[in-house]
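Have a look at the structure below, then the notes.
Read-outs throughout are calculated quantities, based only on the coordinates presented, and are distinct from any laboratory measurement. What you are looking at is a predicted structure, and each value in this text was computed from that prediction instead of being measured.
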Amino acid sequence: MTSVAEGSLRQRAAAWIESPRIQNLIIAVIVFNAITLGLETSKTVQAHAGGLLLWLERGVLTIFVAEIAIKLYAHGLRFFRSGWNVFDFTIVAISLLPNSGAFAVFRTLRILRALRLLAKIPRLRHIIESLLRAIPSIGWILFLLFMVFYIYAVMGTQLFGERYPDEFGHLGIAFYTLFQVMTLESWSEEIALKVMEEFPLAWLYFITFILITALTIL
């Protein structure tokens with residue numbers, strides 16, 4: 001086969017595998033596979049249709065492998081220039097690992113195939129790409145949040161540590177207590193009101209912490 005004919009065949013393969021019809025079919029298979037993986041968690045379903053689910057699993061995996069193989073043929077090594085293609089390839093490759101021995105744990109990762117929808121649906125892909133572009137800003141927000149936690153953890157340890165060692169005995173547990181307060185996980189009854197019995201003005205400490213962390217996250 002001449003290089004021209006080979007190039008034409010690769011172009012046709014790329015056009016076919018990336019056509020809306022085929023991509024919609026792949027999306028449908030991904031959704032179907034996510035449903036069947038959920039059904040596998042049911043002992044009742046496994047008892048009555050375990051064999052069928054196994055064959056469906058093999059069929060789905062065959063489709064995914066064929067899709068990746070055709071894309072690799074169509075694009076060659078250029079396939080790996082796209083982060084989304086690498087993402088797809090990795091998830092499918094994990095599915096090919098043996099289900100026994102040291103690799104048995106990877107069987108639970110099959111549900112990650114559902115994440116392939118992120119690469120297949122443009123709007124979801126744009127959201128993820130926007131989030132990735134925002135990572136530097138998110139990093140500074142997390143740093144600011146850490147500073148707030150650190151300052152309040154030191155204050156809490158110094159103010160309440162001796163009287164309430166289970167909540168503010170040291171910085172580590174103070175961080176955990178403040179995380180509970182930030183998430184509003186029973187913070188009022190189990191933490192704030194308890195501390196306020198001994199330190200009536202402690203409400204200022206907790207309220208300002210909640211307000212500052214809420215504004216930081218927003």
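So for the chain, averaging the separation of alpha carbon pairs under 8 Å that are six or more residues apart and normalising by length, what relative contact order in percent results?
Working: 143 pairs, mean separation 30.6, N = 218.
Computed over the chain, the figure is 14 percent.
The aspartates and glutamates within cross-link reach of Lys194, meaning a Cα-to-Cα straight distance under 16 Å and a gap of 8 or more places when in the same chain, are Glu162, Asp166, Glu167, Glu185. Per residue, the average separation of C-alpha pairs within less than 8 Å and at least 6 apart gives the stretch 34-133 a relative contact order of 21 percent. Applying a length cut-off of 15 Å (Cα extent along the axis) and a mean Kyte-Doolittle floor of 0.5 to the DSSP H helices of the chain leaves 20-39, 43-75, 83-95, 135-160, 171-182, 202-217. Using a Gaussian network model of the chain in which every pair of alpha carbons under 10 angstrom is joined by a spring, one finds that among Val29, Val105, Val65 the greatest mean-square fluctuation is at Val105. Counting only lysines at least 8 places from Lys71 when in the same chain, those with an alpha carbon closer than 16 Å to its own are Lys120. Helical content alone sets the calculated 222 nm signal of the chain at -24000 deg cm²/dmol, taking -39,500 (n - 2.57) per DSSP H segment of four or more residues and averaging over every residue. For the chain, the Kirkwood hydrodynamic radius comes to 22.2 Å, computed from all pairs of different C-alpha atoms.
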